[in-house]
Every structure is written in structure tokens, then in C-alpha cells.
1. Out of the residues in segment 305-325 meeting the condition of being of a type outside the set (D, E, K, R), in contact with an Asp or Glu (Cβ under 7 Å, 6 or more places away or on another chain) and surrounded by 14 or more Cβ atoms within 10 Å (Cβ to Cβ), tell me which one is farthest from L147 (Cα to Cα).
2. Just give me the residues in segment 1-34 being farther than 23 Å from M65 by Cα and either touching a residue at least 40 places away in the same chain (Cβ under 8 Å) or crowded, with 17+ Cβ neighbours inside 10 Å (or both), in sequence order.
3. Read through the list (1) free of Cβ contacts under 8 Å to residues at least 12 places away in the same chain; (2) in contact with a helix residue (DSSP H, G or I) (Cβ under 8 Å, 6 or more places away or on another chain); (3) not charged (D, E, K, R), then give the number of the only condition that S297 fails.
4. Could you list all residues from segment 326-335 that are without any contact (Cβ under 8 Å) to a residue 60 or more places away in the chain and either closer than 21 Å to T351 by Cα or surrounded by 17 or more Cβ atoms within 10 Å (Cβ to Cβ) (or both)?
5. Is it the case, given these coordinates, that V125 is among the β-branched types (V, I, T), farther than 30 Å from I252 by Cβ and modelled with pLDDT of 90 or more?
6. Please go through segment 175-228 and give me each residue that is over 13 Å from F251 (Cα atoms), within 21 Å of the chain's Cα centre (by Cα), assigned to a strand (DSSP E or B) and not hydrophobic (A, V, I, L, M, F, W, C), ordered by number.
7. State whether one or more residues within segment 94-101 are part of a helix (DSSP H, G or I) and more than 23 Å from G162 (Cβ to Cβ).
8. How many of the residues in segment 146-170 are surrounded by fewer than 17 Cβ atoms within 10 Å (Cβ to Cβ), charged (D, E, K, R) and either assigned to a helix (DSSP H, G or I) or assigned by TED's automatic domain parsing to the domain that holds E290 (or both)?
Amino acid sequence: MKGWRLITGVSKQTIFANVLNDLFNLIGTKHYKYNHQSGLLRLFDSYWMVMGAKDEGSEKYIRGMTVGVAVCDEVTLMPHEFFQMLLTRLSPEGARLYGTTNCDSPKHWLKVELLDNEPLRKMGVLSSMHVTMDDNPNLSEEYKRSLRTLYKGLFYERYILGLWVMAEGAIYRDVLGSHCRFDEDSRPAGLYSSFAARYIGVDYGTTNPCVFLDVYDDAKWLWQDNEYYWDSETMQRQKTDSEYADDMIEFIGPNKRGVIVVVDPSAASFKTELIKRGLLVKDAKNEVQEGIRKVSSALKTGLYRIHSRCKKTLSEMENYSWDKNSSQKGIEKPIKSNDHCCDGVRYVIHTMVPGWRIG
């Protein structure tokens, strides 16, 4: 086969986790050599290039390449321009591309331009298979039952049934039930004790509202016990970073030891002010789609619970909705209004809770 053999996905890290790790365990250490930095991979007697495609600018890395075989992991998460450029690189006779993906919006470019392209199918250059987890012989029935329990609504239809469905309506409508709430009577005894990890989720704003969420992790459940919400427009006064930091110290209380403040990474000046106050600050992971999926699962299972006094959080979570106009264009994002507590919850769960605790 002429041309490069290419394995690509969102990043080298995700490719290793999703593809290479299992492959290496299968073939044994004698039959491969992989350079994590350069991405050069030897498999038996063939050589491959492993390349991440994290944004639209990634397409410049494959300009001019001649690709004989391409293996693409999670195609719907790849930048459109990168994938289009990759198709133009498959010029040798017999060149082929293999792709895997979960389902997404029916307006996604992959569905519209390729999977629904009947002329390409008739030409014999495109084929696809619809598989579900029941087609995987390596999954136990217990594991499959746990996944069916974990997901509901949009994510159930996509990840369990494998359907291309539109994201519409309230995002947490199917998962935010009474099992996600608690009050003074149902709060666990000793929640404030030293054994529980404590996180403060922060969605920082000056003209927009600024939110602090007080979350305790007892290693089994996460309990959001309090909230701080300052809306400068409603209060008709903006606060400085120093004033917000004063409020944060008061919000945390006398014992700040071990508290981790999880902040939107774009809030550079506020993070600096918090560090000056002796607080441990961590940049939040800010991938919106993956974060929403994790929050949805955490609410569905009751992993994340919210005190009834956190009225702003509960109100926002109940009304947090997909942007219908964007969804019609194949772009899925929440409506950017009254979402500050929602972002704070997402920062805590997506950043501080490992995937194995959620599913």
C-alpha cells in the first residue's frame, strides 16, 4: 500500500486510551514500538503515524500527505475541515478509511454529507454499520445493565440505542429528580468532617453573575451544600476580584485547609487573587458536551445531590436547555442564559470526579 498509514482522533491521548492500549495488550510488547511524542508507531513490520486532530487548524498537518490507510476514532468529534482534508489525501489506488463513532445530531456534517449520501453508496465507495453494545461479545450482561441504568433521554438514545437524535428541550429534564435533593434532615451526619473532600465550583463573572458552589465528596456521593450568587446587574454594583476573594474566604469559613477551588481557566485575574489568599486553585475542564454528559449521568444515579436551599442552582438546572436554533444547524450547545450555576456544577463533576465513578 502506497502512502502513510494514519491513525487519528481527537488527541494522541484519546487514541491511546481508545485504540492503542487494547491493541498493544493483544499483540504483546515484542510486536510494536511507539513514540508517544512523535506519534510514530511500528506494528509488526508496518509503520503508522498517530496524529491528533483537536481543532480546525489541525488540517494543516496533513496537507501534502499521501495516505493509503486511515483509521479514525470518534469521527463526530473530529474537526470538519480536518476530515475533509483527509479525504483528499486518500489518493493511492485502493486507499481506504475506517471510522468509528457514537451517534450525534442528525444535522451533524458526518450524517448529512456522508452517511446519508446515497450516490456514494451506489458508487460502492461508502458503507456503514449500525452496532450497539449488544454486538460486543466482550461486555458482560451486568455491565450492559449498568449502562442502561446510567443513561436516560438524549444520551440513552445515542449511546445505548445508537440513534441520531436531535438535542432539544431541557437538558436535565429526565434525570433531575427528587433523589438529587436533600435538606437539613437528610444531610449525612459528619458531612463537614475532615474525611470528606471539599470543592468550590466557580463560574466567574463581572458583568455576568458570579457563582460559588460548596460541594462535599464523601467518596460515595457529592453533596452541594450551599451556593453564593452575585448578580451585578440586579444588585446594580460590580465587585472587584479582591471583593469576590473576600466573599470566597467568608463563604468557605474558618477551615480552608484542603479545599480545592475549581475555576473556569479563563478567569486568570481572579485565580491569581485566590492564590494570594492561600487557596488551592485548579483549572476546570471546560469541554461542554462531555461535561454535560457526565453531569447528566451523575444526576441520574444520584451521585450529585443538591441542598434544597440552593434555589438558584435548582432553578437553573431545571430550566437549562439546548439552543434550538443552533441544533438545527448541527451545532449543539446550551442556551447561554441563566446557566452560571450549571457551569459551576459541570466544572466540579467534569474536573474532580473520575470517569469510573460516573460511567
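1. Here is the first cut: in segment 305-325, the residues of a type outside the set (D, E, K, R) are 306-308, 310, 313-315, 317, 319-322, 325.
Pick out the ones that are also in contact with an Asp or Glu (Cβ under 7 Å, 6 or more places away or on another chain) and you get 307-308, 310, 313, 320, 322.
Now narrow it down to the ones that are surrounded by 14 or more Cβ atoms within 10 Å (Cβ to Cβ): 307, 310, 313, 320, 322.
Values: H307: 27, C310: 30, T313: 27, Y320: 24, W322: 24 Å.
Among those residues, the one meeting the criterion is C310.
2. Within segment 1-34, just N18 meets the criteria.
3. Of everything listed in (1) free of Cβ contacts under 8 Å to residues at least 12 places away in the same chain; (2) in contact with a helix residue (DSSP H, G or I) (Cβ under 8 Å, 6 or more places away or on another chain); (3) not charged (D, E, K, R), S297 misses just condition (1).
4. Within segment 326-335, K333 is the sole residue that qualifies.
5. Yes, satisfied.
6. Hits for segment 175-228 are D203, D217, Q224.
7. No.
8. Qualifying residue count for the region: 2.
The values are calculated or read from the model by the stated rules, or taken from the named source; none is laboratory data. For clarity, every value in this text was computed on a predicted model and none was experimentally measured. Methodologically, a virtual Cβ is constructed for each residue, glycine included, from the backbone with ideal geometry; neighbour enumeration extends over all protein chains shown.
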